[in-house]
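K.L.:
One structure, pasted below without further comment.
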Amino acid sequence: MYPLLLFDALPWWLAAPLLQLGLLVAGMALDETYVNRATVLAGALALAVHAVVAGSTGLMVGLYLDIGLVVGVYGLYAYVVDAYVDNWFRIAAYFLYSPLAVFLVILLPDVVFPIAIVAAGYANLQLMAYLEPNDPYYFGPGTPTEFADAVADVEAESGDGTEAETETSTNSSGGATRPDGESESQPDPEPDPGTASEVTPPGAEPTAAGADSTERGILPEFMRRL
C-alpha cells in the first residue's frame, strides 16, 4: 500500500462503494439524464464490483447481473451511434436497471432482491408523475422512422458534398491545351491581399442524427472526432 495514493490509501469498505457510486453517476452523466441508454451498463458494472467484493451472489442477482451486462452493451452501442431502441429496452432500463434499482440491489441482501426491484419501480413511477410533463429519461430517437429519416438526410448531405468537391477539383486541375497536344498549365491567381483565405476548421463527421440531432451526450461527439 502506498499512503500517498488516494485510492490505494482508502480501506476497501470505503473504496468499493465510492467506485460503485462513481459508475452510477457516470452512466447518468453520459447522457445527462437519470435513465438513458448508458445507465444499464453502468449499473451492471457497479453490481459487478459489488459481486467481486462480496465474493459471491445469489442466483437471481447473478442472473440479473448477466442480463444487465448484455443489455447494457447493446444500450451503449445504441448510445454511441444515436440509434433507436425498442420499447423493451426502455422498460427494462427504467424499471429494472435504473440507478435506484441497482443501488437497492447492492444495498439490500440478496434474499430481498424482488422487493428491491418492486420498490425501485414504484419510486420511478412516482418520479415520472412528479416531474410531469418532463421526463426523467432519454432514449434518443422516438421512432424508427425518425432515425431512418435522419440517416437518409445525412447520406444525402454527404453525397452532395462529395459531388461538389469532385467537381471543384476537376475544374481547378484543368488547363489550356496547345494545338500540338501539350497541356499548358495556367498560373495560379495571386490571392487578393485584402481578402483573408477561408480555412475550414476540422470538425466532427455527421452522425445518423444529422444536424438537428437531439443527442445530448458527450461520447458520440468524442467518437466522431476519433
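The values are calculated or read from the model by the stated rules, or taken from the named source; none is laboratory data. Not measured: the values here are computed from a predicted model. Neighbour counts run over all protein chains shown; Cβ positions are idealised from the backbone, glycine included.
K.L.:
What are the residues in the stretch 79-91 that are in contact (Cβ under 8 Å) with a residue 24 or more places away in the chain, part of a helix (DSSP H, G or I) and either surrounded by fewer than 21 Cβ atoms within 10 Å (Cβ to Cβ) or of a type in the set (V, I, T) (or both), if any?
P.N.:
Applying the first criterion (in contact (Cβ under 8 Å) with a residue 24 or more places away in the chain) to the stretch 79-91 yields 79-85, 89-90.
Filter again for part of a helix (DSSP H, G or I), leaving 79-81, 89-90.
Those that are in contact (Cβ under 8 Å) with a residue 24 or more places away in the chain, part of a helix (DSSP H, G or I) and either surrounded by fewer than 21 Cβ atoms within 10 Å (Cβ to Cβ) or of a type in the set (V, I, T) (or both): V80, V81, F89, R90.
K.L.:
Which condition does D82 not pass, out of (1) touching a helix residue (DSSP H, G or I) at 6+ places or on another chain (Cβ under 8 Å); (2) within 30 Å of V61 (Cβ to Cβ); (3) of a type in the set (D, E), if it passes all the others?
P.N.:
Against the list (1) touching a helix residue (DSSP H, G or I) at 6+ places or on another chain (Cβ under 8 Å); (2) within 30 Å of V61 (Cβ to Cβ); (3) of a type in the set (D, E), D82 comes up short only on (2).
K.L.:
Sticking with this one: Can you tell me which residue among V105, V154 is out of contact with any Lys or Arg (no Cβ under 8 Å at 6 or more places or on another chain) and modelled with pLDDT of 95 or more?
P.N.:
On the way: V154 fails: modelled with pLDDT of 95 or more.
Result: V105 is the single residue among V105, V154 that is out of contact with any Lys or Arg (no Cβ under 8 Å at 6 or more places or on another chain) and modelled with pLDDT of 95 or more.
K.L.:
Taking the conditions exactly as written (at pLDDT 90 or above and not aromatic (F, W, Y)), does N134 satisfy them or not?
P.N.:
Details: at pLDDT 90 or above: yes; not aromatic (F, W, Y): yes.
Considered against the rule, which asks whether it is at pLDDT 90 or above and not aromatic (F, W, Y), N134 comes out as yes.
K.L.:
Restricting the first residue to the stretch 130-157 and requiring it to be touching a residue at least 12 places away in the same chain (Cβ under 8 Å) and closer than 19 Å to L30 by Cα, which pairs with a second residue that is in a helix (DSSP H, G or I) and of a type in the set (K, R) meet a Cβ separation below 9 Å and a spacing of at least six or different chains?
P.N.:
Between residues of the stretch 130-157 that are touching a residue at least 12 places away in the same chain (Cβ under 8 Å) and closer than 19 Å to L30 by Cα and residues that are in a helix (DSSP H, G or I) and of a type in the set (K, R), the close pairs are Y137/R90; F139/R90.
K.L.:
If A54 meets every condition in (1) at pLDDT 95 or above; (2) more than 25 Å from the chain's Cα centre (by Cα); (3) of a type in the set (A, V, I, L, M, F, W, C) apart from one, which number is that one?
P.N.:
(1)
K.L.:
Shifting gears a bit: Is the stretch 97-107 home to any residue that is assigned to a helix (DSSP H, G or I), hydrophobic (A, V, I, L, M, F, W, C), closer than 30 Å to P141 by Cα and without any contact (Cβ under 8 Å) to a residue 12 or more places away in the chain?
P.N.:
Among the residues of the stretch 97-107, not one is assigned to a helix (DSSP H, G or I), hydrophobic (A, V, I, L, M, F, W, C), closer than 30 Å to P141 by Cα and without any contact (Cβ under 8 Å) to a residue 12 or more places away in the chain, which makes the answer no.
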